[in-house]
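Enquirer: If you scroll down you'll find the structure; I have some questions about it.
No value in this document is a laboratory result; all are computed from the given coordinates. All of these numbers come straight from a predicted model, not from anything done at the bench. As a convention, Cβ positions derive from the backbone with ideal geometry for all residues, glycine included, and neighbour counts pool all protein chains shown.
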Amino acid sequence: MTQASPTEASPLLHRRQINLIVGGLVVGMFMAALDQMIVATAIRTIGDDLNGLTLQAWVTTAYLIAATISTPLYGKLSDIFGRKPLYIVSISLFVVGSLLCGTAQDMYQLAAYRGLQGLGAGGLMALALIIVGDILSPRERTKYQAAFFGVWGVASVLGPVLGGFFAGADQILGFAGWRWIFLMNVPLGILAMVVILRVLHLPVTHKRARIDWWGVVCLVVALVPMLIVLEQGRTWGWTSGGVIALSILSVTGVLGFLAAERAAGDDALLPPRMFRNRTVSISTGLNFVVGFAMFGAMAGLPLYLQIAKDMSPTRAGLAMLPFTLGILLMASVSARVIHQTGRYKMFPVIGTSLLVVASLFLSTLTAESSLWTLSMGAILFGLGLGGVMQPNMLAVQNAVEPRDMGVGSASVMFFRQIGGSIGTAVFLTLMFSNVPGDIGRQFEAAAQTPEFQATIQDPEVIANPTNAAVIEIVQSGSLDAAEGAGVSLDDTSFLRELDPILAAPFREGFADAITSVMFISGLIVIFALVLALFVPQLPLREKSGLETMRDGDHELKAGPAGAAVGSDSAADAGVDAFDTAPQPAEPAEQGAGKPAP
């Protein structure tokens with residue numbers, strides 16, 4: 001009689017427990033993902049209500065800084081003190097931060113409370129995937145991780161829709177509508193916490209280890225100035241004294257962090273030995289590049305819909321549904337195929353290829369393009385992301401030792417977050433740098449048409465102050481001449497008051513600037529495709545992280561495919577980029593006396 005696999009022979013958790021745990025983790029990750037999307041839509045309303053519109057960027061920056069810095073901290077600390085205590089801490093911080101945000105009386109308070117919220121969000125996003133890695137084998141894990149990555153797609157659509165709804169409501173149950181953006185997290189967070197407290201019972205993994213405090217300090221010194229520069233640099237000026245000083249401080253922090261990690265050894269926040277693992281090093285590089293291109297493109301598409309297509313934030317969110325469907329579809333397909341075959345490498349290759357095609361296709365959009373054309377590009381983009389994110393995380397979790405499950409998983413999300421932050425800043429800077437020139441060229445072309453000439457000479461058109469300001473732009477050739485009349489590229493709401501003939505060059509100019517960013521994004525993803533080709537294909541372990549440690553397999557030996565400790569023998573064994581032949585499992589992973597799966 002065929003023996004059961006190790007996972008089936010002595011499971012640590014029953015299927016019902018696993019489903020409840022995953023459900024609670026999905027709720028937590030959904031809150032963190034949705035909060036990033038929904039606040040961006042409503043921030044102008046929030047700023048007006050709290051009399052601090054000029055401070056709105058700090059509300060976003062505080063959340064981003066706290067979430068980014070805390071991600072690797074949660075990974076390392078959970079390896080030392082256990083997952084459950086750290087998850088309870090993270091969800092408590094998020095719920096308390098949300099409650100305080102919902103009661104903030106000014107923008108300074110809101111920014112501080114958003115920082116507290118971000119500290120919790122970093123754990124909600126990182127620990128969810130780490131815990132799933134603990135309780136499920138890589139082959140079983142794929143079925144559940146698809147739900148986590150689908151959360152990001154759903155949040156990208158629901159965020160603008162809910163943000164527009166709450167921002168547009170004067171009051172709901174006695175509170176200003178925008179406050180419910182934060183208050184609704186409180187019951188959801190309490191529900192997730194109750195589920196986790198009741199069903200997440202993992203073995204105690206408290207270990208004697210030295211906390212890398214110097215690494216923490218240097219990471220803060222490196223990231224806080226960097227993220228402030230990325231968020232504020234376009235406003236302050238990239239050559240201003242403040243930007244230069246912060247950049248020097250950030251570089252100093254990076255050098256200090258590298259030195260601190262080398263000195264800390266195995267106790268490091270991101271242990272250097274882990275990056276000698278070929279799968280980890282290539283996968284983190286791939287995540288950085290994809291994050292750089294992905295978030296840059298995602299920042300451009302909503303702007304295209306709202307400016308070039310004149311959609312409200314709510315309608316723009318709904319128009320992004322094909323993007324979400326693409327993520328969910330590919331995540332589901334890849335999960336099923338990986339579960340059945342154990343082969344994951346093909347999906348990052350397919351995903352990055354689709355991202356290249358989608359970015360280049362979207363770069364052909366104009367202000368007159370149909371929504372069907374946009375939908376085709378969006379669904380291709382979603383399919384590409386769905387093919388990269390889940391299998392890449394799985395590859396890292398499968399390659400690292402069980403003791404490094406936390407830091408390995410957190411490093412994937414950390415580098416994607418850093419790449420996304422840099423990509424968003426770079427792409428938005430490029431876009432707004434190109435917009436004036438693109439608008440000028442569109443006006444030059446429009447000025448040659450009889451319709452445009454008749455419009456700028458029509459007395460009824462000139463009677464509108466906004467129209468008159470734009471006509472002054474045409475005559476003077478400078479946007480600065482009209483800013484006093486309320487025409488500024490920093491606030492495009494004036495386009496709704498503008499005559500359609502005069503508004504068309506603005507919309508086309510914005511479309512050109514946004515699609516040029518999409519083209520650059522497509523070229524950058526080609527580099528990600530090259531990296532995906534070199535991701536090793538290792539045999540999937542048949543045990544979860546906790547089962548491996550329980551059975552004494554935590555000191556895994558690198559076999560023919562170099563599955564465990566960071567060997568590069570996968571390349572030496574001739575694992576081809578598109579090799580799909582089955583490979584034998586390593587004896588150390590099969591368990592004593594049990595046949596290879």
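Enquirer: Using alpha-carbon pairs under 8 Å, 6+ residues apart, how would you state the relative contact order of segment 1-209 in percent?
Expert: RCO, segment 1-209: 36 percent.
Enquirer: Okay, next question. Stretched out fully, how many nm does the piece from Asp170 to Arg336 gain, at 0.36 nm a residue minus the Cα gap?
Expert: 55.2 nm
Enquirer: Compute the signed sum of charges (Lys and Arg +1, Asp and Glu -1) over the other residues within less than 15 Å, Cβ to Cβ, of Met193.
Expert: Around Met193, the surrounding residues sum to +3.
Enquirer: Show log10 I(q)/I(0) for segment 389-441 at q = 0.12, 0.14, 0.27 Å⁻¹, two decimals, from a solvent-free Debye sum over equal Cα scatterers.
Expert: For the requested q values the scattering log ratios are -0.46, -0.53, -0.96.
Enquirer: Separate question: Sticking with the crude label model, points 7 Å out along Cα→Cβ, report the distance from Val251 to Gln457 in nm, one decimal please.
Expert: Calculated label separation equals 5.8 nm.
Enquirer: Using a 7 Å offset from the Cα along the Cα-to-Cβ direction at both Arg234 and Ala57, what is the distance between the two label points in nm, to one decimal?
Expert: Between Arg234 and Ala57, the label points sit 0.9 nm apart.
Enquirer: Using every alpha carbon pair in segment 24-86, what percent of pairs falls into each 5 Å bin from 0 up to the bin containing the largest distance?
Expert: The calculated distribution, bin by bin, is 4, 14, 18, 21, 16, 11, 8, 6, 2.
Enquirer: Please give the net charge around Leu99, taking every other residue with its beta carbon less than 14 angstrom from that of Leu99, where Lys and Arg add +1 and Asp and Glu add -1.
Expert: After counting each charged neighbour, the total is +1.
Enquirer: Let me ask you something else. Just subtract the alpha-carbon distance of Ala468 and Arg496 from 0.36 nm times their residue separation and send over the number in nm, one decimal.
Expert: Residue separation times 0.36 nm, minus the Cα-Cα distance, leaves 8.6 nm.
Enquirer: Mind jotting down the distance between the C-alpha centroids of segment 396-425 and segment 333-350, whole Å?
Expert: 20
Enquirer: Counting residues in segment 1-209 as N, plug N into 2.2 N^0.38 Å and put the Cα Rg over that result.
Expert: Scaled against compact globular proteins, the figure is 1.11.
Enquirer: Now, a different point. Which trypsin sites (Lys or Arg not before Pro) in segment 130-182 sit in a loop by DSSP (not H, G, I, E or B) and have at most 12 other Cβ atoms within 10 Å of their own Cβ?
Expert: For trypsin sites (Lys or Arg not before Pro) across segment 130-182 that sit outside H, G, I, E and B with at most 12 neighbouring Cβ atoms in 10 Å, the list is empty.
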